[in-house]
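Notes follow once the structure below has been shown.
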Amino acid sequence: MDVIVIGEPLVEFSAPAPLTDADTFRLSFSGDALNAAVAAAATGAHVALVTRVGDDEFGERLIRFAAAHGVDTRWMRPGPGSTGAYAVGADPGGERAFAYMRAGSAASRMGPADVAAAPLGEARVLLVSGVTAALSPSCAHAVRHAAEIVAAAGGAVVYDPNFRGRLTTPGQAAAALAAVAPHATLVTPSCPGDSLPLLGTADAAATARAALRLGARAVAVTQGAAGVLLASGDAPPEAIPAVPAPVVVDQTGAGDAFAGTVAARLATGAPLRAAVRAGMAAAAVSLAGQGGTGRIATPHEIDGLL
Ligand SMILES: O=C(O)C(=O)C[C@H](O)[C@H](O)COP(=O)(O)O
């Protein structure tokens, strides 16, 4: 097993218009964990998504969607509860706005038992996020527990803080980061989206220092078009320029494509810098699609942009 992702896949309703006005939405399947899992699987890595989907029609469709994108779905278990959903639109300033319909969903009921059932001891890389930790106290527990197991077994842990103000508070999200960072091989905060609420800074270098102080072995601070600042304990931070996006339609899922691709490349033996650059290329390609899984980079496209 190369990569295990734990999190909540969602039904996605996306529109290129403000949520307050849009009346025609495109139905697809997304959620940060699924976005990352399909990006990782597209690199050719063996990737499993550990989750619970609803015991409803959309739960079945989510499993079919993940399988069709090469994800190992054996640990996508149905119910109890419903499949979560979200709507994403653009607010009048062009920024994205998310509306969630996921409270009490099947995935939010995950806990340490789901972690115990997953083949974590065999995983080269575990990818978990702050969204998963924000779903419920039992999910926060599951994320911490999974990180401890994988780190103790000698695997790598990648943590994407992915702060969502509609799911959690800055204090809770900072606590989730602090709990996982000591086990993390790599943390991928966005700056300023994650760094300001969680670490109190909008400066990339200060973000990297703060995450390293929490115990992470390396930090990739993502800054959109300003690129990535990569820092680890043993080298001066390196500013890696962004990979120019061939086509820009929608940024939803770009951060998840980055994290999933980095996790997959690390699992298949790439050095950290090369894995990060591959992630940046996958994120650039993903901008051409609407929604979180509208455009998934192939290995050929990734290598062509590097
Ligand atoms: O917010 C959530 O809970 C979701 O999972 C829905 C979205 O698909 C991703 O969050 C998009 O994430 P970005 O890669 O940062 O664009």
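Throughout, read-outs are computed from the coordinates displayed, never taken from laboratory work. If you're wondering where the values come from, they're calculated on a predicted model, not measured in any experiment. Counting neighbours? That spans all protein chains shown, and the Cβs are built from the backbone with ideal geometry, glycine included.
Give, in whole angstrom and from largest to smallest, the semi-axes √(5λ) of the equivalent ellipsoid of segment 116-180, with λ running over the eigenvalues of the Cα gyration tensor. Walk me through the numbers before you get to the answer.
Numbers: eigenvalues 95, 24, 16 Å².
Result for segment 116-180: semi-axes of 22, 11, 9 Å.
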Cα centre as origin, Lys/Arg/Asp/Glu Cβ charges: the chain dipole, Debye
460
Using θ = phi - 60° and the Karplus curve 6.51 cos²θ - 1.76 cosθ + 1.60, what whole-Hz ³J(HN,Hα) does each residue of segment 296-306 get, with Gly and Pro shown as x?
10, 6, 8, x, 5, 5, 4, 5, x, 8, 8
Search the structure for amide H atoms under 5 Å from the amide H of Val53, placed 1.01 Å from N in the peptide plane, and list their residues when 5 or more places away or on another chain.
Arg77, Gly79
What's the extension gain from Val247 to Glu60 if we count 0.36 nm per residue and subtract their Cα-Cα distance?
64.1 nm
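Rank by packing, highest mean first: peptides 276-288, 16-28, with packing defined as the count of other Cβ atoms within 10 Å averaged across residues. Could you put the intermediate results ahead of the total?
On the way: 276-288: 25.5, 16-28: 12.8.
Per-residue mean Cβ counts within 10 Å order the peptides as 276-288, 16-28.
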Sequence-distant or interchain residues sharing an amide H contact under 5 Å with Ile6, placed H: which?
Val50, Leu127
Approximate spin-label separation Glu122-Asp91, in nm, with each point projected 7 Å along Cα-to-Cβ:
4.5
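Taking the mean number of other Cβ atoms within 10 Å as a proxy for protection, how do you rank 55-65, 254-264 from highest to lowest? Can you show the working numbers first?
Numbers: 55-65: 18.0, 254-264: 30.8.
Going by the mean number of other Cβ atoms within 10 Å, highest first, we get 254-264, 55-65.
Grab the beta carbon distance between Asp303 and Thr201, set R0 = 30 Å, and tell me the FRET efficiency rounded to 0.05.
Values: r = 34 Å, r/R0 = 1.15.
Efficiency, rounded to the nearest 0.05: 0.30.
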At 0.36 nm per residue, and after removing the present C-alpha to C-alpha distance, how many nm does the segment from Ala103 to Asp234 gain when stretched out fully?
43.0 nm
